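Let me begin by presenting the structure, written as structure tokens, before commenting on it.
Laboratory data are not the source of any read-out in this text; all were calculated from the coordinates shown. All values derive from a computational prediction rather than experimental measurement. A quick note on method: Cβ atoms are made from the backbone with ideal geometry, for glycine too, and the neighbour counts reach across all protein chains shown.
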Amino acid sequence: PKAAIEPTNKTQTPTSPASANQGQIRTRESERKPMSMLRRRIAERLLSAQQNAAILTTFNEVDMTEILAMRSKYQDSFTKRHGLKLGFMGFFLKASITALKEFGAVNAYIEGQDVVYHNYCDIGVAVSTEKGLMVPVIRDVDLMSIAQIEQAIAGFADKARANKISLDDLSGGTFTVSN
């Protein structure tokens, strides 16, 4: 109840998304809300468990029949139009964005006794290099088309393999996807 009546703190940072987004400009907002005592205790216990126990990764099966059919149908025209293959990650990121918008807490983080929510999606995508995986962050993915997402991933993969990735490219993600 106390947290419900306390004001929230919002921070705004103007940004301009990828130029291919028809010149859209939006304000990137983060909203800070104090956690309830119960939520703080849960966070403390989860952090303690993570520090003292083995980490578990789960796998879920998904019926990809429709995606495979769509990819097969449009692969040639997509490649001709955009100069790269239509991969799976664009679809995975679009699905992730849908979930992140529906369940905002997944696109948030805990800082001190607050939960910081974002109205944007900056998604880290694992790319393979000779030195191992790197996770560059694609900013404003929720404003991008599948083609723009695939282009961003390919660009970061090339940049990472050429050892030209920067710390800024690797920081600030609100969510991460890896195949």
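List of remarks:
- Within the stretch 81-179, GluC sites (Glu not before Pro) in DSSP loop having at most 16 other beta-carbon neighbours inside 10 Å: Glu130
- Per principal axis, descending, Cα span of the stretch 135-179 in whole Å: 27, 21, 19
- 5 angstrom amide H check on His118, placed H, neighbours 5+ away: Glu31
- 3J(HN,Hα) along the stretch 70-79, derived from phi through the Karplus expression 6.51 cos²θ - 1.76 cosθ + 1.60 where θ = phi - 60°, amounts to 5, 4, 5, 5, 9, 4, 5, 5, 5, 4 Hz, with x in place of Gly and Pro.
- Hull shadow area, averaged, the stretch 58-97 [alpha-carbon convex hull, nm²]: 3.4 nm²
- DSSP-assigned coil residues among chymotrypsin sites (Phe, Trp or Tyr not before Pro) in the stretch 80-160, each with at most 15 further Cβ atoms within 10 Å: Phe88, Phe103
- Amide H within-cut-off set for Ile123, under 5 Å, with H built and near neighbours excluded: Ile138, Asp140, Val141, Thr174
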